[in-house]
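> Below is the structure I would like to discuss, written out as structure tokens.
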Amino acid sequence: MGRPGRGLRMKVGVTVPNFGPAATADSLRAWAAVVEDAGFDFLMVGDHVAATPDVTAAYPGPFWEPLTLLGYLAGVTRRVELGTTVLVVPYRDPLLTARSLAGLDQLSDGRLVVGVGVGWADEEFAAVGVDPRRRGEITDEYLRALLALWSDDVVSFAGRHVAFTDVDTRPRPLRRPHPPLWVGGNGAAARRRAVRFGDAWHPLRTPAGWLAAVGLPGLRAAAEEAGAPVPALAPRVVLHPTAELRPDDDRLTGEGRPDQIRADLDALRELGATHVLLDTHRDAASAARDDHAALRAIVEDAAGWLAS
């Protein structure tokens, strides 16, 4: 997927909407088939674990738990990579998370990509017993624990929020040190976290032109300050085709006429993006009423004009 450009080929993926009344098992299986058959490189699903009012206001239920769903989708696909956009790290004990992700990676023959983030829904944090004011420090510690658990067969770890001794971590990720870690978020803290822990920075739904003007200079500055390499760029952008031309000062990347969206992807390729994730979600109202078949038709149509 994606037109040839300078440098390495840029992979293009699609979000599978794992929420709302249309998100049935049959519909989710059909989504996976469309993504794979249309030639996209990967699919990703979102994460919420508690249907609190702040969550359902943005993402109507039911909301499928992502690791369970990815296990299901791994069984009905053969080629596409599978990932999270993004797994909210503080919600899950890192021991369980490391084992679940390693199992997914093994059972999918090494196709897992782990997008991670700190979360935002205060009521959901309360439901899972985590202080949202400490979500950043918990995320950092849990990421350190995950990387430690994937580093050897027997691991000990001591931190402020979690500690364990001589844990047998098998099975571990398949044929590589760990699944690719994409650190989500648009702010300075997310960029610093991406430099520290990530294989890629995964900014989410950014305004047109923002990455070139603000995001990437900030990422390079964070890497320079840390004395570390600049992580890869793997953004999530909207897929909102329109009949009318949209002005750049009033649109998100991936929004507008097909020629504008193609130009956005070309610009991301020129910026060095290794992956771009196309997100069909608009708002809670549309998710509550949308027919998944219609959204899949947009994705299939986009596959044609993106490859032309």
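The values are calculated or read from the model by the stated rules, or taken from the named source; none is laboratory data. On a predicted model such as this, the values are computed, not experimentally measured, just so you know. A quick note on method: Cβ atoms are made from the backbone with ideal geometry, for glycine too, and the neighbour counts reach across all protein chains shown. Remember, those area values only see protein heavy atoms, side chains included, never the ligands or the DNA or RNA. Shrake-Rupley method; radii C 1.70, N 1.55, O 1.52, S 1.80 Å.
> Hey, among Phe19, Phe63, Phe42, which residue is of a type in the set (Phe, Trp, Tyr), under 30 Å from Asp131 (Cβ atoms) and touching a residue at least 60 places away in the same chain (Cβ under 8 Å)? Spell out the reasoning first.
Working: Phe63 fails: touching a residue at least 60 places away in the same chain (Cβ under 8 Å); Phe42 fails: under 30 Å from Asp131 (Cβ atoms).
The match here is Phe19.
> For residues in region 87-126 being farther than 19 Å from His178 by Cβ and free of Cβ contacts under 8 Å to residues at least 40 places away in the same chain, which is most open to solvent (accessible area, probe 1.4 Å)?
Among residues in region 87-126 that are farther than 19 Å from His178 by Cβ and free of Cβ contacts under 8 Å to residues at least 40 places away in the same chain, the one most open to solvent (accessible area, probe 1.4 Å) is Trp120.
> Something else: Checking Gly119 against (1) farther than 22 Å from Pro171 by Cα; (2) touching a strand residue (DSSP E or B) at 6+ places or on another chain (Cβ under 8 Å); (3) not in a loop (DSSP other than H, G, I, E, B): exactly one of these is not met. Which one?
(3)
> Take the conditions out of contact with any Asp or Glu (no Cβ under 6 Å at 6 or more places or on another chain) and open to solvent by 60 Å² or more (accessible area, probe 1.4 Å) and apply them to Trp64. Does it pass?
Working: out of contact with any Asp or Glu (no Cβ under 6 Å at 6 or more places or on another chain): yes; open to solvent by 60 Å² or more (accessible area, probe 1.4 Å): yes.
Spelling it out, Trp64 is indeed out of contact with any Asp or Glu (no Cβ under 6 Å at 6 or more places or on another chain) and open to solvent by 60 Å² or more (accessible area, probe 1.4 Å).
To keep it simple, each residue is scored yes or no on (1) among the charged types (D, E, K, R); (2) touching a residue at least 24 places away in the same chain (Cβ under 8 Å).
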site: Asn186; (1), (2): no, yes
site: Ala200; (1), (2): no, yes
site: Pro203; (1), (2): no, yes
site: Ala208; (1), (2): no, yes
site: Leu219; (1), (2): no, yes
site: Glu224; (1), (2): yes, no
site: Ala232; (1), (2): no, yes
site: Arg236; (1), (2): yes, yes
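> Give me the pairs, please: first residue somewhere in region 140-157 and closer than 12 Å to Asp93 by Cα and in contact (Cβ under 8 Å) with a residue 12 or more places away in the chain, second residue anywhere and among the acidic types (Asp, Glu) and assigned to a loop (DSSP other than H, G, I, E, B), beta-carbon distance under 9 Å, and either six or more positions apart or on two chains.
Tyr142/Asp93
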